[in-house]
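Read through the structure below, which is laid out as structure tokens, and then see the notes.
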Amino acid sequence: MQSYWFGEPEEGRCQAARGDPVALAQRLDLLQTNMDGFVPLQWEDAIACGTCTDRAGYLSLLREICFIRAEQRVREEYAGKDTELLQMVRTLDEMDEVINLLSERVVEWHQVRHPTFSRKYRRTPAHIQIRRISEKGRGALGKVAVQVEQLSAARTDLAKEVSLRATHTACTDPVRNSRPAQTVYSPLTW
């Protein structure tokens with residue numbers, strides 16, 4: 001006997017599936033469909049089963065179920081380890097841009113206050129310049145330089161975490177390492 005999202009037709013009768021659209025969407029996930037010899041039912045079959053009263057109701061309910069399933073799948077994808085790792089890498093990239101921009105601004109600000117600084121430290125790496133400014137700077141400039149150093153330290157910690165997670169995900173993800181591509185067919189009819 002073939003089961004469908006709206007019920008189970010059998011020998012001229014139909015046992016309607018009960019529940020709200022969320023329950024019907026969950027039911028759809030549980031159905032197993034053998035595509036050999038599969039003939040989709042018509043929307044009238046859902047009416048005969050008592051799931052809805054007309055074609056508009058059938059389409060409305062089917063649409064709602066499809067949206068529920070799509071939302072669930074998106075939620076599942078975003079809950080995965082890979083998604084978190086991707087967000088961590090994006091954050092790392094953004095932190096690099098912010099640290100570089102703030103470092104440039106702090107050094108330029110320091111140069112305005114101390115014009116001889118630019119000639120003296122032209123080839124010194126930015127992180128060393130920021131450290132010197134934070135150690136010797138007073139007032140707002142010194143505080144901003146300290147904050148840039150702290151942000152840089154947080155960026156280093158995040159980079160270590162990204163490296164650990166990337167290694168762990170690549171080595172231990174049995175789904176990624178063994179899952180063949182597959183096509184899933186659901187017994188939906190439009």
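The values are calculated or read from the model by the stated rules, or taken from the named source; none is laboratory data. Here the structure is a predicted model, which is why all the values come from computation and not from measurement. Note: ideal-geometry Cβ built from the backbone for every residue, glycine included; neighbour counts use all protein chains shown.
Annotation: L92 fulfils all but one of (1) assigned to a helix (DSSP H, G or I); (2) touching a Ser or Thr at 6+ places or on another chain (Cβ under 6 Å); (3) not charged (D, E, K, R); the unmet one is (2). Looking only at residues in segment 130-176 that are over 19 Å from V89 (Cα atoms), small (G, A, S) and surrounded by 13 or more Cβ atoms within 10 Å (Cβ to Cβ), the one that is modelled with the lowest pLDDT is G137. Among the residues of segment 1-19, those identified as polar (S, T, N, Q) and not in a strand (DSSP E or B) are Q2, S3.
Of everything in segment 114-126 that's part of a helix (DSSP H, G or I) and out of contact with any helix residue (DSSP H, G or I) (no Cβ under 8 Å at 6 or more places or on another chain), which residue is farthest from S163 (Cα to Cα)?
Residues of segment 114-126 part of a helix (DSSP H, G or I): 116-120, 126.
When the remaining residues are screened for being out of contact with any helix residue (DSSP H, G or I) (no Cβ under 8 Å at 6 or more places or on another chain), the result is 116, 119-120.
On the way: T116: 41, R119: 38, K120: 37 Å.
Step by step, filter segment 114-126, then rank; the result is T116.
Inside segment 120-149, residues that are closer than 11 Å to V106 by Cβ, of a type in the set (A, V, I, L, M) and more than 36 Å from the chain's Cα centre (by Cα) make up a count of 3. Considering (1) in a helix (DSSP H, G or I); (2) surrounded by fewer than 17 Cβ atoms within 10 Å (Cβ to Cβ); (3) free of Cβ contacts under 8 Å to residues at least 24 places away in the same chain, the lone condition that E64 does not fulfil carries the number (3).
Taken across segment 47-56, residues that are modelled with pLDDT of 90 or more and either in a helix (DSSP H, G or I) or basic (K, R) (or both) do occur, with at least one present. Going by what's in this entry, would N100 be described as over 30 Å from Q42 (Cβ atoms) and either at pLDDT 90 or above or under 19 Å from the mean Cα position of the chain (by Cα) (or both)? Criteria met by N100.
Just one residue in the set Q111, Q129, Q150, Q87 is part of a helix (DSSP H, G or I) and under 30 Å from D29 (Cβ atoms); that residue is Q87.
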